[in-house]
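Colleague: Next up is a structure, given as structure tokens.
The values are calculated or read from the model by the stated rules, or taken from the named source; none is laboratory data. On a predicted model such as this, the values are computed, not experimentally measured, just so you know. Cβ coordinates were reconstructed from backbone atoms using ideal geometry, including for glycine residues, and neighbour counts include every protein chain displayed.
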Amino acid sequence: LPKGHAGDYNQALMDLGALICVPKNPRCLICPVMSLCQARQNGTQDQRPVKTPKKDVPHYVQAAGVIIQRGRVLLALRPSKGLLGGMWEFPNGRVNGDPARGLPNALKTGYNLRLRVTRHPRAERSRRRSRSAHKQEPLGTVQHGYSHFSVTTHVFRCELLSPPKETNLKWVPLKDLDTYPMGKIDRQIAKMITSKVTPKV
């Protein structure tokens, strides 16, 4: 560095990068330090700067259960630490294969819930007309990307086979869902069910 002119030197380097040594079509012929540039000497100036390859972002498939009784829906409180700490969510879990088939086991493991997936009314009408078996259709599907992974969530209407036992589970009136803090996925599910699902009374 030039003694006593470190600031000027740094500013000159920034100006050089902004005006001459640009990523696309560098202006080498008017560069005052062209003779010192190894990239120019090697003919690789158009390959600079070297971009770091982006890492593959993992993608997960999960299923969420919408459990409604008497105008209330069952929510779970997330742990206070970690991703979306202290927020509320619809019981969910990662699944492999058919999301509807994997959901009961995922919620039994994660929330100690015993339940079954109920048929979407549209799928039930179709099944009756065709007299053949159909997969349970989800109420909807939500896709969301975080900084280090992405998620596809299939949402199903479910029916409990026994009362919930875990203390982090709570029955919440459908009309109060907007007052509970949630992540983006669960907020979309909340909007989905308040517009599509008629609660049983």
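Colleague: Got at least one residue in the stretch 49-60 being more than 30 Å from LYS108 (Cα to Cα), under 38 Å from the mean Cα position of the chain (by Cα) and surrounded by 10 or more Cβ atoms within 10 Å (Cβ to Cβ)?
Modeller: For the stretch 49-60, residues more than 30 Å from LYS108 (Cα to Cα), under 38 Å from the mean Cα position of the chain (by Cα) and surrounded by 10 or more Cβ atoms within 10 Å (Cβ to Cβ): absent.
Colleague: Just name the residue that is surrounded by the fewest Cβ atoms within 10 Å (Cβ to Cβ) out of those in the stretch 94-140 that are of a type in the set (Ser, Thr, Tyr) and modelled with pLDDT of 95 or more.
Modeller: Filtering the stretch 94-140 for residues that are of a type in the set (Ser, Thr, Tyr) and modelled with pLDDT of 95 or more, the one surrounded by the fewest Cβ atoms within 10 Å (Cβ to Cβ) comes out as THR109.
Colleague: What pairs come out if I take residues in the stretch 62-80 that are under 17 Å from PRO138 (Cα atoms) and pair them with residues that are surrounded by 16 or more Cβ atoms within 10 Å (Cβ to Cβ) and of a type in the set (Ser, Thr, Tyr) whose C-beta lies under 9 Å away, six or more apart or interchain?
Modeller: Close Cβ pairs (under 9 Å, with a partner that is surrounded by 16 or more Cβ atoms within 10 Å (Cβ to Cβ) and of a type in the set (Ser, Thr, Tyr)) amount to GLN62/THR153; ALA63/THR153; ALA64/THR153; GLY65/TYR111.
Table: residues versus (1) closer than 30 Å to THR153 by Cα; (2) at pLDDT 90 or above; (3) out of contact with any His (no Cβ under 9 Å at 6 or more places or on another chain); (4) among the basic types (Lys, Arg).
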site	(1), (2), (3), (4)
LYS24	no, no, yes, yes
ILE30	no, yes, yes, no
TYR60	yes, yes, yes, no
GLY65	yes, yes, yes, no
ALA76	yes, yes, yes, no
MET87	yes, yes, yes, no
ASN92	yes, yes, yes, no
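Colleague: When the stretch 177-193 is examined, which residues are found to be at pLDDT 95 or above and surrounded by 19 or more Cβ atoms within 10 Å (Cβ to Cβ)?
Modeller: LEU177, MET182, ILE185, ASP186, ILE189, ALA190
Colleague: Are any residues in the stretch 39-48 surrounded by 11 or more Cβ atoms within 10 Å (Cβ to Cβ), without any contact (Cβ under 8 Å) to a residue 12 or more places away in the chain and part of a loop (DSSP other than H, G, I, E, B), and if so, which ones?
Modeller: THR44
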